[in-house]
Amino acid sequence: MPGFDGILGQPVALGSIESELARGRLNHAYLFEGRQGTGRLSLARALARMLLCQTTTGCGQCKGCKMFGGGSHPDYLEIPREANLLKRGDFVEGDGDRPDHTPILNFIYLKPVEGGRRVVVIPDSERMNEAAANAFLKTLEEPPEGVHILMTTSARDRLLGTIVSRCRRLGVQPLDEKTIAAELLRRGAVESQDDASALALLAEGSLGQALAFSQGQAPEDWQWMRESLGKLTPDGALQLAKGMLQRASEKGSSAAEKRQGAKIMLDLAALALRQALRRGGHPLNIERALQALWDAGEQLDANVRTELVLQAAALNLVSSLRRPDVRTE
C-alpha cells in the first residue's frame with residue numbers, strides 16, 4: 001500500500017496490518033514492540049496517516065493526507081517524546097504540568113472534525129507512571145467509537161499487563177545489516193560502503209543507532225569499549241568511567257552534547273555485553289549489567305550529572321561482571 005512505501009523491512013507487521021485493513025477489522029489499540037531505531041514510530045505514523053486518509057491507503061494526495069503531512073490534521077494527536085515520564089496530567093485535564101499540551105482523554109472524546117476517526121500516537125509508552133496508566137486503562141477498555149490508539153515500546157514489561165492485554169501487539173524486528181548499510185548510504189550519513197557496513201554491524205538492527213553512530217567516532221569508540229570491558233577489574237571502574245567521560249566530552253562541549261555522547265558510550269557497552277551473552281557469557285550477570293546500563297540511561301534523561309552517572313555505571317558493571325565466565329573481549 002502507498003502509505004507503507006517508506007517503511008524499511010517489517011514484512012510480518014506490514015502483512016498483518018494490510019490484512020486487517022483489507023478486512024476492515026482494525027483493532028482500536030496497537031502496541032508496536034521493538035528496539036529503539038527499528039522503525040516502530042515510523043510504522044505507527046504510517047498507520048495513522050492511512051486511518052486518516054480519505055481513501056484509507058495513505059495516498060498522499062487527499063485533504064486528510066496533506067493535513068497529516070503538514071502537521072495540521074485536527075483528528076491526530078502525537079504525544080511529545082521529550083518528557084521522561086507520562087503523568088496523569090498528560091491523560092486527564094486539570095493536573096498536568098505542561099499547559100500547552102492537550103490531554104489524551106480530552107482529545108479522544110471530542111467528535112472527529114474531518115471524518116469518522118481520531119488517532120492518538122504515544123511513542124515510548126513505557127514512560128507512563130502508575131497514575132497515568134490507571135487513568136488511561138478504563139478508556140483503553142472501552143474507547144469511543146472511531147478512536148485508534150497507537151503505542152510504541154521498547155520495554156513492554158514496564159507497562160501494566162492490563163494495558164498490554166488490551167492492545168493488538170505487533171513486533172517490529174531488527175533490520176538486517178544490508179538494509180541499514182544501504183539506508184546510511186542513501187541518506188549520505190557515510191561516504192563509503194565499508195563505513196556503512198561497519199556501522200550497520202555495530203547498530204545490531206537499529207537504523208536509529210547506526211545514524212547516531214555516524215555522527216561520531218563510533219568504530220574507534222567500539223574498539224576501545226570492547227578492550228576496556230575485556231580487561232575490567234574491580235580497581236578499574238574509575239578508569240573506565242574517566243575513559244567514557246573523556247570520549248563523551250569529545251562529542252561536544254555543551255552539557256546536552258556530553259549527555260548524548262555518554263548515551264552512545266552506554267549503548268556501546270550494552271552492545272558488547274549482548275555479544276558476550278551470545279558467546280555464552282553468564283546470563284544472570286549480564287542481565288544485571290544491562291539493567292545497570294538501562295538505569296544509567298534513565299538517569300541521564302533525568303539530567304543527573306553525567307560524571308556521576310558514568311561513575312555509578314562503571315562501578316555497577318564491575319560488580320555485575322566480577323564472575324570469570326563473562327568475557328567481552
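Readers should treat all values here as calculations from the given coordinates under stated rules, not as data from a laboratory. It should be emphasised that the depicted structure is a prediction, and the values quoted were computed from it without experimental measurement. Methodologically, a virtual Cβ is constructed for each residue, glycine included, from the backbone with ideal geometry; neighbour enumeration extends over all protein chains shown.
Among the listed pairs LYS66/LYS87; LYS66/LYS251; LYS87/LYS263; LYS87/LYS138; LYS178/LYS258; LYS231/LYS263, those whose Cα-Cα separation exceeds 26 Å are LYS66/LYS87; LYS66/LYS251; LYS178/LYS258. Relative contact order, whole percent, for the stretch 174-329 stands at 23, derived from Cα pairs under 8 Å and 6 or more residues apart. Among the GluC sites (Glu not before Pro) in the stretch 1-91, those located in a DSSP loop and surrounded by at most 10 other Cβ atoms within 10 Å of their own Cβ are GLU82. For the chain, relative contact order (Cα pairs under 8 Å, six or more residues apart, normalised by length) works out to 16 percent. In a simple Cβ point-charge model (Lys, Arg +1; Asp, Glu -1; nothing else charged), the chain has a dipole of about 400 debye relative to its Cα centre. Counting only alpha carbon atoms, the long axis of helix 130-141 and the longest principal axis of the chain meet at about 40°. Taking every alpha-carbon pair under 8 Å whose residues sit at least 6 apart, the stretch 60-140 reaches a relative contact order of 37 percent. Of all lysines in the structure, the ones whose alpha carbon falls short of 19 Å from that of LYS63, not counting any fewer than 8 places away in one chain, are LYS111. Fewest-first ordering of HIS28, HIS101 by other beta carbons within 10 Å of each residue's beta carbon gives HIS101, HIS28. For the Cα atoms of the chain, what angle does the longest principal axis make with the long axis of helix 40-52, in degrees from 0 to 90, nearest 10? Here the helix axis deviates by roughly 10 degrees.
For the stretch 122-187, trypsin sites (Lys or Arg not before Pro) are listed when DSSP marks them as loop and at most 14 other Cβ atoms sit within 10 Å of their Cβ; the list is ARG187.
Between 0 and 90 degrees, the angle of helix 11-23 with respect to the longest Cα principal axis of the chain falls at about 10 degrees.
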